[in-house]
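The values are calculated or read from the model by the stated rules, or taken from the named source; none is laboratory data. In this text the structure is predicted, and so the values were computed from the model without any measurement. Note that each Cβ is placed from the backbone with ideal geometry, even for glycine, and that neighbours are counted across all protein chains shown. In case anyone asks, the SASA skips ligands and DNA or RNA and just uses the protein heavy atoms, side chains included. Shrake-Rupley method; radii C 1.70, N 1.55, O 1.52, S 1.80 Å.
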Amino acid sequence: MINHVIEDVPAYVVGVLDRAELARIEEHLRECAGCRAEVYGFGDVAALIPLALDRVEPGPELKSR
């Protein structure tokens, strides 16, 4: 039985996985066209997220840190 990684696709696409999780998902993606399609589809959506948000400049207290 194949354990798909669809539930991990958002974290994979935005790059917040640790090395072990990343390796596990990349290994699975080499063999699973369905999960690869999910990655490509989510990647298109994730690329649009910055366009939907207002740009906010950090305050001076944040910049000083």
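Values for this structure:
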read-out	value
Region 14-55, residues that are under 18 Å from residue 4 (Cβ atoms) and charged (D, E, K, R)	21, 24, 26, 27, 30, 31, 36, 38
Helices (runs of 4 or more DSSP H) contained in the chain and holding at least 1 residues within 16 Å of the chain's Cα centre (by Cα)	9-14, 19-31, 33-52
Matching residues, region 8-24, being surrounded by 12 or more Cβ atoms within 10 Å (Cβ to Cβ) and within 20 Å of residue 47 (Cα to Cα)	8, 9, 10, 11, 12, 13, 14, 17, 22
Cβ pairs under 7 Å, 6+ apart, first in region 26-44 and modelled with pLDDT under 95, second loosely packed, with under 11 Cβ neighbours inside 10 Å	32/2
When residues of region 52-63 are limited to those that are open to solvent by 100 Å² or more (accessible area, probe 1.4 Å) and more than 21 Å from residue 11 (Cβ to Cβ), the one modelled with the lowest pLDDT	63
